[in-house]
There are 2 protein chains.
Amino acid sequence: MSHPHPLDQTLTLTPQSTSATGDAVFGGRILPAYGNMIGPYGGIIAALLLKAILQNDQRKGDPLGITINFAAPLDDSELSITTQLVRNNRSSQHWNVSLSQQGQIAVTASSVFSVQRDSWADQELPLPPVPAADTLKSLPTAGMPAWAANYDMRMIKGWVTLQPDHQSDDSTRTLWVRDNPPRALDFPALLAISDCFFPCIFVRKQQLVPTGTITLTTYFHATPDELAQQGDQFLLASARANRFHNGFSDQTGHIWSATGELLVSTHQLV
Amino acid sequence: MSHPHPLDQTLTLTPQSTSATGDAVFGGRILPAYGNMIGPYGGIIAALLLKAILQNDQRKGDPLGITINFAAPLDDSELSITTQLVRNNRSSQHWNVSLSQQGQIAVTASSVFSVQRDSWADQELPLPPVPAADTLKSLPTAGMPAWAANYDMRMIKGWVTLQPDHQSDDSTRTLWVRDNPPRALDFPALLAISDCFFPCIFVRKQQLVPTGTITLTTYFHATPDELAQQGDQFLLASARANRFHNGFSDQTGHIWSATGELLVSTHQLV
């Protein structure tokens, strides 16, 4: 008897229909295993939208970037995702995606795909100096929202202790992270992890303030080869807020491979 | 006889039609004054899409964030912009926008708007230490693409000299910038400026390599009050690339007011 990984169980989409213009509609649902405080974990919603594009027959190449706008909370009932190829260029594609639940659009996304090509390469942002993952303990996830148990997180900086004397003027959160149980990395899994940072306001105020992602943009630097090399090793993830204002804040984060390649730059408004 | 500012001349949109669902279509064209190397300057395209949302009667509140996907180059012929209110919540709105030229979608955007509310505030990213704008000379724009003449740019770091011995391993570009002639700041003008950085590859390689923005995401921290306070003073803008790879690179930038408030975080894939 096979036991699919929880990520693969939730990222299962069923083709429902294809319009005359090739817009493909998929059905799915997000399992309670990826629940967050209100509705599912944003990273899994993002991964599901990307998975829908990957399953569209018109798709060519690999994702370069994706923006997901969270317009309304979801629940764990059935949902449908419409994928539309807006523009099909020789070496790139532009996609629009929308996710509906109970007949209303709740999430939208746009994504750019590209066929690989070689060029001048350089990385300005190095892996920060951090202790090795195997020298650190896994974060206990008991009492946390369900999604956290699907990740093995080894915190380096930015603990949420809820102790007032741990309030900080620096929201930086740095951790080693991988799927739990370990799973070979692919683009949906990497996108899901790009939302793994505990909310910056929790770290600053050491309080569980109601919070939610409004829009998330992730750029993929990773190539399929780098994903294959990474396999199921730990990723180094680090993020920091820029400004808190009028109930909103933004953060910028980066994810490196175990060997120091920058795989992702990710930004969100919370 | 009045002489509208070049920015206002190009950001002029004419209502064309409104669908039964309230999707409003606007017509316009981008003047050669905002031309770049191939087609118009990306910042002016972004500003035009934002302006279209601001002109939609259903719009409420101010922009929080916008993502623009550049799917095909534009020219200076007529274009049409369709604005669609995808989700209308109590205190926020989600918009999809598409720009067509010669009957094909060339640019798409999504944007989140919000009604202002007060909350806990703090800024983690301070204005970097820089010399005052009035101690620096304006960058001569003769020989540069047309758009540059619409900005008064006072370079601090990241010159493009095209001298091989000025090649650098740091793509940081920092400058004071404002509209030329000076113009009171509003959201479209601020968005246009968020694309003002010379391409990072020019600074690294000191060569004019063919380059173009694929997707741009700008988060607005600025409130209408802060925009009014800023008026037509210089803004401090700074950006840096994270990784160059497979012909792509991404950059993260920030824009501060003259008095040090962080007004914008902006990210793009090039």
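The values are calculated or read from the model by the stated rules, or taken from the named source; none is laboratory data. Treat the numbers as computed from the prediction; the structure is a model and nothing was measured. Neighbour counts run over all protein chains shown; Cβ positions are idealised from the backbone, glycine included.
Tabulated data
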{"quantity": "Subset of region B:214-229 that is of a type in the set (S, T, N, Q) and within 11 Å of another protein chain (Cβ to nearest Cβ) - its residue that is farthest from B:His267 (Cα to Cα)", "calculated": "B:Thr223"}
{"quantity": "All positions within region A:1-36 that are of a type in the set (Asp, Glu) and in a helix (DSSP H, G or I)", "calculated": "A:Asp8"}
{"quantity": "Residue among B:Ala46, B:Ala20 that alone is aliphatic (A, V, I, L, M) and at pLDDT below 95", "calculated": "B:Ala20"}
{"quantity": "From the options A:Ala109, A:Ala146, residue that is in contact with a helix residue (DSSP H, G or I) (Cβ under 8 Å, 6 or more places away or on another chain), within 12 Å of another protein chain (Cβ to nearest Cβ) and within 25 Å of A:Gly35 (Cα to Cα)", "calculated": "A:Ala109"}
{"quantity": "Lone unmet requirement of (1) within 11 Å of chain B (Cβ to nearest Cβ); (2) surrounded by 22 or more Cβ atoms within 10 Å (Cβ to Cβ) for A:Leu79", "calculated": "(1)"}
{"quantity": "Flag for B:Ser249 being touching a Cys at 6+ places or on another chain (Cβ under 8 Å) and touching a residue at least 12 places away in the same chain (Cβ under 8 Å)", "calculated": "yes"}
{"quantity": "Which numbered condition B:Leu64 fails, given (1) closer than 30 Å to A:Ser249 by Cβ; (2) free of Cβ contacts under 8 Å to residues at least 60 places away in the same chain; (3) buried (at least 18 other Cβ atoms within 10 Å of the Cβ)", "calculated": "(2)"}
{"quantity": "Residues located in region B:211-242, provided they are free of Cβ contacts under 8 Å to residues at least 24 places away in the same chain and surrounded by 22 or more Cβ atoms within 10 Å (Cβ to Cβ)", "calculated": "B:Asn242"}
{"quantity": "Members of region A:85-99 that are in contact with a Gly (Cβ under 8 Å, 6 or more places away or on another chain) and either assigned to a strand (DSSP E or B) or within 7 Å of chain B (Cβ to nearest Cβ) (or both)", "calculated": "A:Leu85, A:Ser92, A:Gln93"}
{"quantity": "One residue from A:Ser238, A:Ser257 being of a type in the set (S, T, N, Q), under 22 Å from A:His5 (Cα atoms), more than 10 Å from chain B (Cβ to nearest Cβ) and within 17 Å of the chain's Cα centre (by Cα)", "calculated": "A:Ser257"}
{"quantity": "Test result for A:Val264, in contact (Cβ under 8 Å) with a residue 60 or more places away in the chain, within 11 Å of chain B (Cβ to nearest Cβ), touching a helix residue (DSSP H, G or I) at 6+ places or on another chain (Cβ under 9 Å) and surrounded by fewer than 21 Cβ atoms within 10 Å (Cβ to Cβ)", "calculated": "no"}
{"quantity": "For B:Leu50: the one exception among (1) closer than 29 Å to B:Val209 by Cβ; (2) in contact with a Gly (Cβ under 9 Å, 6 or more places away or on another chain)", "calculated": "(2)"}
{"quantity": "Count of residues meeting criterion [in a strand (DSSP E or B), under 18 Å from B:Ile255 (Cβ atoms) and of a type outside the set (Lys, Arg)] in region A:241-264", "calculated": "9"}
{"quantity": "Exclusive hit being of a type in the set (Phe, Trp, Tyr), under 13 Å from A:Phe234 (Cβ atoms) and either touching a Phe, Trp or Tyr at 6+ places or on another chain (Cβ under 6 Å) or in contact (Cβ under 8 Å) with a residue 12 or more places away in the chain (or both), set A:Trp147, A:Trp176, A:Trp159", "calculated": "A:Trp176"}
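Residue by residue, here is whether (1) under 22 Å from B:Leu185 (Cβ atoms); (2) touching a residue at least 40 places away in the same chain (Cβ under 8 Å); (3) more than 9 Å from chain A (Cβ to nearest Cβ); (4) buried (at least 18 other Cβ atoms within 10 Å of the Cβ) holds:
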site	(1), (2), (3), (4)
B:Ile38	no, yes, yes, no
B:Gly43	yes, yes, yes, yes
B:Ile53	yes, yes, yes, yes
B:Arg59	yes, yes, yes, yes
B:Pro73	no, yes, yes, no
B:Gln102	no, no, yes, no
B:Phe113	yes, yes, yes, yes
B:Ala121	yes, no, no, no
B:Leu127	yes, yes, yes, no
